[in-house]
Each structure stands twice: as structure tokens, then as C-alpha cells.
1. Among the residues of the stretch 255-273, which ones are within 26 Å of the chain's Cα centre (by Cα) and open to solvent by 40 Å² or more (accessible area, probe 1.4 Å)?
2. Just to check your reading of the model, which residue among Arg345, Arg408 is in contact with a Leu (Cβ under 9 Å, 6 or more places away or on another chain), open to solvent by less than 90 Å² (accessible area, probe 1.4 Å) and closer than 23 Å to Ile268 by Cα?
3. Being touching an Asp or Glu at 6+ places or on another chain (Cβ under 8 Å) and either closer than 20 Å to Val186 by Cβ or surrounded by 16 or more Cβ atoms within 10 Å (Cβ to Cβ) (or both) is the filter here; which residues of the stretch 103-114 pass it?
4. Just wondering, is there one or more residues in the stretch 320-327 that are under 26 Å from Ala5 (Cβ atoms) and either among the small types (Gly, Ala, Ser) or part of a loop (DSSP other than H, G, I, E, B) (or both)?
5. Count, please, the residues in the stretch 197-242 that happen to be open to solvent by 40 Å² or more (accessible area, probe 1.4 Å), within 26 Å of Gly159 (Cβ to Cβ) and part of a strand (DSSP E or B).
6. Would you mind stating whether Glu92 is open to solvent by 50 Å² or more (accessible area, probe 1.4 Å) and acidic (Asp, Glu)?
7. Looking at the stretch 304-322 only, could you name the residues that are at pLDDT below 85 and open to solvent by less than 90 Å² (accessible area, probe 1.4 Å)?
8. Can you tell which of Glu451, Glu378, Glu389 is within 16 Å of the ligand (Cβ to nearest atom), acidic (Asp, Glu) and either under 29 Å from Lys335 (Cα atoms) or within 30 Å of the chain's Cα centre (by Cα) (or both)?
Amino acid sequence: MGQTARTTKLLLDFSGRASGGANPGKREHLAATVEILNAARRFYLDFFLAYPDKLIECTQVISKKTGEVREGLISAENLLTWAEFQTVETREHPTPLPDWNFSRAFPDLPNRYRRSVIKDVIGKARGYLTTLTKWQTSGKKKGKPGRPTATNHPTLYAGTFSLDLDELDLRKSFVRLKVYDGSAWVWVHYPTLYNRYFEQRRADEAWEAESPKLILNKKTAAIHFLQTKKVSAKKIVESKQDPDLVTVAVDLNVKYLAVITVRQHGVIKETRFVSDHGLDHHRYHHLKRVAKKQWQSGKPVKGEHSNQQLWAHMRRQNADCAQKTARAIAEVCEKYPGCVLVFERLRKIKQSNGSKSRRLNRKQANQLKGKINQLAKEQAYAIGVVSVEVNPHGTSQYCARCGCKGVRFTYQAGQRVTAKGGKLFYCPACHYECHADFNGSVNVHHSFFREFHWQPRVHKSG
Ligand SMILES: [Zn+2]
């Protein structure tokens, strides 16, 4: 039994009053809210680090599953109660620690926000203490872990936000947020850029909703809705025993981003080529411009990011492409319930030769591969498909039909010309001829079942 998570974003509308956006000044409220919550987090971070022993105190913990009592680390819930008792003034308990009076420092801060801040800080402080003790016992001089920062995106617990989604008129959807206007905490309505896609994801019953977060950026503001789902999937070892097992293998390349092959009973049942639609070439041109500009202006200025818009454009294109390719892989998996998704372990790439723009482009292409790999795994897992990584040794060099060593080639004027970067593959032993990326993809299946002599006996599966 595993778990997977996903986020759906709901953008707040700051397009201006005339086009239905928020009133001026509302954005400032959000910034003020983030700021005061950061200050509150700083307060509790200092507080917990002043009492480090409490954070790692051992107490009797009652297991929820078995009812068994055992020694364990103090729970976050108990720590929260303890921290509130020490710092918050109440009618029953009017005297918190004099140096740590939260009620005086942050009057009227809503309880829900205070709790979300404390929970957040407990995680941060504990993580810090663990790495600190590890570092101290290691005896190293370098690499002392730094104190955690108090800044974070506010978590919206129930009671600090509500969604007013008018189903009849989608243009009128608001989110109501409890925000700080500089002097008091008030409820404010924010118009949203609501869409059907959001509602569809949110209403999906297979996913359980967690507390959303407010993400405030320089230009945009959004509420991120986190959802989780329990996933039950067979273990790879169990699946491998199944004679009817379907394997979906993916070979990641540059021009054809992914070549997906589906195999059952030793036969390839389906093949899908996912093209990059000229992305590689397109990106190369942009990078040529980047390289030229850098050459013209001499050394890049330290701490300054040049060509920001161009890089943002390339980032968006890469992200979009990775998303679409991963989706295509997950779609194929969806057709074969209980299948196993097989990838090659990504190679550590050597610094390639060629011009600066070429090197930059190779780097980008490799990052894209990593991104596709990661996204496809996540999306497949959400539908109960487990993925495995196999050794990439030899998948592009050997024949997928007979296992002999072959060559890459291209056709030039009807003649076969052997070339290192050739698109086609030829096997001199059995005269098999096919697309080189297809050959690689089929070999990934062989690598998974370890069927050929050239495949290493010992392999670590992911
Ligand atoms: Zn062959």
C-alpha cells in the first residue's frame, strides 16, 4: 500500500477591477498576511530551538492500530498542546512564560493560523536538530547545517478559508480568506480564475483533500489544493512471476522523446512514438542567441540572471513537453491494468563536445529526460502501475531480435551508410533492420527479463 499526491492550482484574479479582478489593495493584504505568519513562525522557531530537549522527548505512545503502549518520540499533537500552554494566554491559564508571550506579541492572530504555524515549525526544527546531531557526531568541520528559515507558504486550515463557487455562473467564483489588513484580521473575498478542470479534479472522489496552501509570487497569487490517494500495487517481484504480465518499456531519446513498446507473451503488441515536434531544434536556436549575447557582453555578471525571458520561455516549453510525454506514457499504461512500466536507468552524461550552444542544448535535453522519467513514474503510480529501472547497458547497440552486436546507419541515395548517429539499426547476423530507437525500446524488455547474454547478471532495480 502506498500513497501518492497531486496539486491543483486555483489562481486568484488580479487582472484589475474593470475586467473582474480583485479590488486594489487586496493584494497588499495577502502580502501582509504572509509577512505576519512568517514572523509568527520565526517566534515559534526560536521558541522550540530554545527548548530542544522537549522536541526529542520520549514518551509513552499508544499505537492507534493495535492499542499497544510503547516508548516513542513525543507526537506533534502533544508538542503543539505543550507549546500553546507555554506561550498563549487563556482565561484558565493567564500566565505563559514571560519571555515567550505569543498573545502579547501577536494579538488576535487566529487560532487556526497559529496552529498551522506551530505544526510547520515542529517539522522544521526537528529536521534541523537531526541533521545537526548527525553533523556533530560525524566530527566534520565543514558543512555545519544552517538554522532553518521561518518563511513558508501559509497553510489554510478549515476556518481560515472557504470556497464560494457559484455553479451556475462560473465567472462569479470567489475564495474567502482570513487575511491581515495591516491592523486587524478580516475576511476578504478574492475573485478566482476558476475553470471546469479545477472542479473536475477537486470533485474526484478517489482523491482525498488535504489543507490547501496560499502561494504568493511576484506577479501571481494562487491557492494550491493538495490531494492524496492510497495506491495498492503489486510488488515487482510478484508481478515477474505472472506469465501473462504486460510490460511497457520506454526508451527516452532526443528527437523521439519517448518510444513506448508494450509486450506480452514475448510479442510486441503496441508501439508508440512520441515526437518532440521540433523542440530540440527550436531550443538550439534560442541557446545560440544566449551564447552569442554572452560572448558579446563578455563575462556574465555575478548574481545577475541574463536573458530571463528567453530562459522562462524555454523552461515553459520543456515543462509542457515533459508533461505531454509523461501523459502519453501513462495513457498507454492505463490500457493494460496490472502492467509494469520499465525505464532505463538514466546515464550520467559526459560533457559533450561542440559549440557552447550545442553543449547547453545537450544539457537541457538531459534534464528533459529526467523530468519525463519522474513525471511518468508519478502518473503511472497514481493509476496503480509500478515502474522499475533497468541497466541501460547495451540497449542501443545490440539486436533486439537475436542479441548480436549491430550498427547504426542511414540511407543516403539508396545506399546504407554506417554512421554513429544513424537513425536506423542493422544487425549483420540476422539482417534485421529497424528504427534505432524502436530497437532500444524493445531491448529494455529484454533487459528487464535478462534474456540476452550481453545483459549483466546482477542489476539493481529501482
Ligand atoms: Zn539480429
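The values are calculated or read from the model by the stated rules, or taken from the named source; none is laboratory data. The shown structure was predicted, so the numbers you read here are calculated from the model rather than taken from an experiment. Here the Cβ is made from the backbone with ideal geometry for all residues, glycine too, and neighbour counts use every protein chain on show. Side chains are part of the model used for accessible areas, which takes the heavy atoms of the whole protein and leaves out ligands, DNA and RNA. Shrake-Rupley method; radii C 1.70, N 1.55, O 1.52, S 1.80 Å.
1. Lys255, Tyr256, Arg272, Phe273
2. Exactly one residue qualifies, and that residue is Arg408.
3. Those that are touching an Asp or Glu at 6+ places or on another chain (Cβ under 8 Å) and either closer than 20 Å to Val186 by Cβ or surrounded by 16 or more Cβ atoms within 10 Å (Cβ to Cβ) (or both): Ser103, Arg114.
4. For the stretch 320-327, residues under 26 Å from Ala5 (Cβ atoms) and either among the small types (Gly, Ala, Ser) or part of a loop (DSSP other than H, G, I, E, B) (or both): present.
5. 7
6. Yes.
7. Ser306, Asn307
8. After applying the criteria, what remains is Glu451.
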